[in-house]
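**Q** Handing you a structure now.
Nothing in this text is a laboratory measurement; each read-out follows from the coordinates by a stated rule. Since the structure is predicted, the reported quantities are computational estimates derived from the model, not experimental observations.
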Amino acid sequence: MYSHHDHDIDSMDEEFWPVLGILLAIWGTWTGVVHFLDWLMLDAIVWWAEPWTIIPFLLLLVMKERFNSLNPLHWWPMVWGYKIKLPDDERITIYPINGEDLIKEHGGPLHIHIVDYEHIKFRRRSDAVMYALRNF
């Protein structure tokens with residue numbers, strides 16, 4: 001721990017404005033393309049709703065980053081599932097290398113999700129019980 005405040009940690013001024021400019025340019029380009037296509041298609045979308053048509057694609061991007069899949073069937077950990085806390089001892093460890101093997105072994109991303117290094121989540125209770133009986 002530092003005994004004094006480090007001013008470089010809180011400095012976002014160098015990164016904030018260029019990133020905001022890039023994001024606004026992407027949003028403006030998207031709005032321009034949607035407006036042009038809407039103009040070609042007889043103005044079916046209200047003018048104030050055209051910029052907000054990017055929201056479904058942003059949600060897809062977030063889900064791709066969070067669950068590493070564009071398939072909505074793989075997004076089940078967001079809503080339900082049975083979380084199992086892994087034991088503190090070194091018997092079961094999940095590293096990025098064997099995490100993929102664990103997912104393949106138990107049915108893929110439709111059935112198991114690795115939350116973090118301490119927890120895994122199963123879609124069905126029976127899978128969670130069988131995993132716990134075999135490994136604990």
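**Q** Pop out the ³J(HN,Hα) list for segment 30-42 in order, Karplus 6.51 cos²θ - 1.76 cosθ + 1.60 with θ = phi - 60°, rounded to Hz; leave Gly and Pro as x.
**A** 4, 5, x, 5, 5, 4, 5, 5, 5, 4, 5, 9, 6
**Q** Which far-off residues, 5 or more places away or on another chain, put their amide H under 5 Å from the one on residue 86, with H placed in the peptide plane?
**A** The answer is 119, 120.
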